[in-house]
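The values are calculated or read from the model by the stated rules, or taken from the named source; none is laboratory data. All figures in this text were calculated on a predicted structure; none of them were measured in a lab. So basically every Cβ, Gly included, is an ideal-geometry build from the backbone, and we count neighbours across all protein chains shown. To get the accessible areas, we keep the full protein, side chains included, count just its heavy atoms, and leave off ligands, DNA and RNA. Shrake-Rupley method; radii C 1.70, N 1.55, O 1.52, S 1.80 Å.
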Amino acid sequence: MVDFTPKKDFIPHSAVVLGSTGSVGTQTLDVLRELGIPVKMLTAGSNVALLAEQIREFRPALAAVSSYEAATELRALLGGAAPEIICKTDEIYDAIEKTDADVIFHSVSGLAGIGYALAAARSGKRIGMANKEAIIALGDAIFDEVARSGGQVIPVDSEHSGIYRCLEGRSINDVSQIVLTASGGPFFGMSTEELKKVTVADTLNHPTWKMGKKITVDSATLMNKGFEIIEAVRLFGVPEDKVSVVIHRQSIIHSMVEYNDNTLLAQMGRPDMRNCIKYAATAPHTHKAGGERLDLTQIGSLTFDRPDTEAFPLLDAARAAIRTGGTCPASLIAADEEAVDAFLKEKIGFDEISSVVLETLGKIPVSYEISAESVADAVRVSRGICASLIG
């Protein structure tokens, strides 16, 4: 679990951004630009054009991409202005582990981020962790590495950043319940029958947050909130039944913590990931924010509803996965990645995402020997089963 006491004397003089061309990665660079924090290393997948623009602005000493072809293209785009560019996986992990930057922002999305998370954990640095899949699939191993290296993890996910701030300096033994808020996505209030008719375009029209396609679909199915339940269990060391979910359409309260005396602390703010990223860089101190302040009189009212787990069954699927334990949560992530990809390619309907994922979970083997290798095996098997069901 995370340490709720960030180092008071921490000052970030430089940073690494893993997954710099994604939604969270680009917002992280917005924050680093605002704070004036130099960037020592950027990593990206195949979006070479955007990475080249980022390199021209932030001038890191090192850049990493996912293939030799991407590295060749990046060198051609940058010419004599190119930094050192690497593309071999082992070299990338080694560079992350040995960086002398003060903070590593991990915004590589999906299960592909596990290796990056382990490398960052071994670095001994502060990690602004936006990759929930690594924590869900291999959280204990990551925290063991962080403990050995003397590093620290501060969550960047808006809900878990809010929980972290409510728990800061306190004991988890004083907590009765962690309350995650969910916007409800674009289909709040719809029945199972109505969900059969929604389109990809409908699904990507999130009412509150601007995110990548995968996480936007997960928000619509409530799978993302299910993942956040498991993430909260891993991060904060509480059992699954101490993590509850409420639908909060305004997305002003990001999370709440209920203490043993029946009082709640809530973390509130306008829905902007950059605030969470900024806090991961500066905690326990806050930095003056630009933009519009939160005016409660303009909002008028805050509402709360129970999630509909019949129309959105993946919320309970996540609870079942963490109760089962072992490699089951990793298998859940893999099945969901396959199903969402098929939906975005219009191979299956929206309602079939949950049915395919649930059927996959009914067929997977579960291992309780947790390692990077066993998780990788579970992911491969789960992907295969899910793909065959879709096919």
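Ordered from highest to lowest accessible area with the whole protein assembly present and a 1.4 Å probe, Arg75, Arg270 read as Arg75, Arg270. For the chain, averaging the sequence separation of C-alpha pairs within contact (under 8 Å, six or more residues apart) and dividing by the residue count gives a relative contact order of 16 percent. With both residues required to sit in the chain, DSSP beta bridges show an antiparallel share near 30%.
Structural descriptor for region 144-268: relative contact order 40 percent, calculated from alpha carbon pairs under 8 angstrom and at least 6 residues apart. Of the GluC sites (Glu not before Pro) found in region 301-343, the ones in coil according to DSSP and having at most 11 other Cβ atoms within 10 Å of their Cβ are Glu310. Entry comment: accessible area of the chain is 43 Å² per residue, from protein heavy atoms only and a probe of 1.4 Å.
A 1.4 Å probe, protein heavy atoms only, puts the accessible area of Asp272 near 50 Å².
Only Cα pairs under 8 Å and 6+ residues apart enter the sum, and on that basis the relative contact order of region 201-330 stands at 30 percent. What shape does the chain take by its C-alpha gyration tensor, where a ≥ b ≥ c are the square roots of the eigenvalues and a/c under 1.5 counts as rounded, a/b above b/c as prolate, and the rest as oblate? Verdict is rounded for the chain.
Based on DSSP H runs of at least 4 residues, each adding -39500 (n - 2.57), what is the mean residue ellipticity at 222 nm of the chain after dividing by all its residues, to the nearest 500 deg cm²/dmol?
Roughly -14000 deg cm²/dmol at 222 nm, from the helical runs in the chain.
Within straight-line reach of Lys8, meaning a Cα separation under 24 Å, sit the following lysines at least 8 residues removed in sequence or on another chain: Lys40, Lys98, Lys125, Lys278, Lys288.
Can you return the lysines within cross-link range of Lys196? Criterion is Cα-Cα under 17 Å, with same-chain partners fewer than 8 residues away left out. Within the straight-line limit of under 17 Å, Lys196 reaches these lysines: Lys345, Lys347. According to the square roots a ≥ b ≥ c of the eigenvalues of the Cα gyration tensor, what is the shape class of region 1-152, taking rounded for a/c under 1.5, prolate for a/b larger than b/c otherwise, and oblate for the remainder? It comes out prolate by the Cα gyration axes. Loop-resident chymotrypsin sites (Phe, Trp or Tyr not before Pro) (DSSP state other than H, G, I, E or B) in region 305-391 with no more than 13 further Cβ atoms inside 10 Å of their Cβ: Tyr368. For region 247-391, carbon and sulfur atoms together expose 48% of the accessible surface, with a 1.4 angstrom probe and every protein chain in place. Basic side chains Lys and Arg get +1 at the Cβ, acidic Asp and Glu get -1 at the Cβ, and with that the dipole of region 188-236 about its Cα centre reaches some 160 debye.
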